[in-house]
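Reading through the structure tokens given below for one structure.
The values are calculated or read from the model by the stated rules, or taken from the named source; none is laboratory data. Keep in mind it's a predicted model, so treat the numbers as computed, not measured. No Cβ is skipped: glycine too gets one built from the backbone with ideal geometry, and neighbour counts run over all protein chains shown. Accessible surface is based on the protein model in full, side chains and every heavy atom, while ligands, DNA and RNA are left aside. Shrake-Rupley method; radii C 1.70, N 1.55, O 1.52, S 1.80 Å.
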Amino acid sequence: LPPATLDLLAEYARRSWFWLELGLQSSHDRTLQAINRGHDFAAFIAAVEQCKERGIRVCAHVIIGLPGETREEILVTAGILAGLKVDGVKLHLLHVMRGTRLAEMYERREIRVMERDDYVGLVCDFLELLDPRISIQRLTGDGGSDLVAPLWSLAKFEALNAIDLELERRGSRQGSALGTSSLGP
């Protein structure tokens, strides 16, 4: 993000309700390199800091279920986002799409995708680590007609309802692992 671009975006942010969406996907450089993101985690941090200096709201995109990432590593990403004080987060389940290298790996059984219950539990764990002031703008995405796996994700509202039910079952909410009791400072 060159300074001139950030300055232009800051002007938009001053004149309107503007968000800049940044595709983090993971806070782990090993993962970013494996999925050919073309940036490292330090570049994401620098972008967030430069946006914050200019008053630009930032929404971070995270993919849950990337090959090779453990549950613990995914939750580290949640903690980091909370510490960076991003304004919003969009969570997305890893989708295997037809015609991709990932689809070839899936067909050869080199990778696996998450089961719905595992995803639901992990999303709830992730949310519990995020400050309640962070706007959650997505909890899962749509794969569309080229989706190879996981097919359960085509029933998006069932997944969203399962997340709601799991939070209710736990007696939990966004930020509950932080010990926050309100949306106050």
Exercise for the section: Find the all-direction average of the projected area of the Cα convex hull for the stretch 107-185, expressing the result in square nanometres with one decimal place. Expected result: 6.3 nm²
Exercise for the section: Could you order peptides 115-124, 32-41 by the average number of other Cβ atoms within 10 Å of their residues, highest first? Expected result: 115-124, 32-41
Completion exercise
Measure of exposure for L178: accessible area at 1.4 Å probe, Å² rounded to 10, is 80 Å²
Practice task
For F18, tell me the accessible area in Å² from a 1.4 Å probe, rounded to the nearest 10.
Solution key: 40 Å²
Practice task
Apply the Karplus parameterisation 6.51 cos²θ - 1.76 cosθ + 1.60, with θ equal to phi minus 60°, to every residue of the stretch 10-26 and state each ³J(HN,Hα) to the nearest whole Hz, in sequence, with x for glycine and proline.
Solution key: 5, 5, 4, 5, 6, 9, 8, 7, 10, 10, 9, 9, 10, x, 6, 6, 7
Fill in the blank from the handout: The rounded separation in angstrom of the Cα centers of the stretch 142-157 and the stretch 94-134 is 12 Å
Handout entry: Proximal lysines to K156, defined as alpha-carbon separation beneath 20 angstrom and excluding residues fewer than eight positions away on the same chain
Key = K90
Exercise for the section: With 5 Å bins from zero, work out the P(r) of the chain over every alpha carbon pair and list the percent per bin. Expected result: 1, 8, 15, 18, 19, 16, 12, 7, 2, 0, 0
Fill in the blank from the handout: Over the stretch 45-157, with neighbouring protein chains present, the accessible area per residue in Å² at probe 1.4 Å is 47 Å²
Practice task
Amide H neighbours of L20 under 5 Å, at least 5 residues apart or on other chains, H built in the peptide plane: list them.
Solution key: R57, V58, C59
Practice task
Please list, or write none, the lysines whose alpha carbon is within less than 16 Å of the alpha carbon of K52, excluding same-chain residues fewer than 8 places away.
Solution key: K85
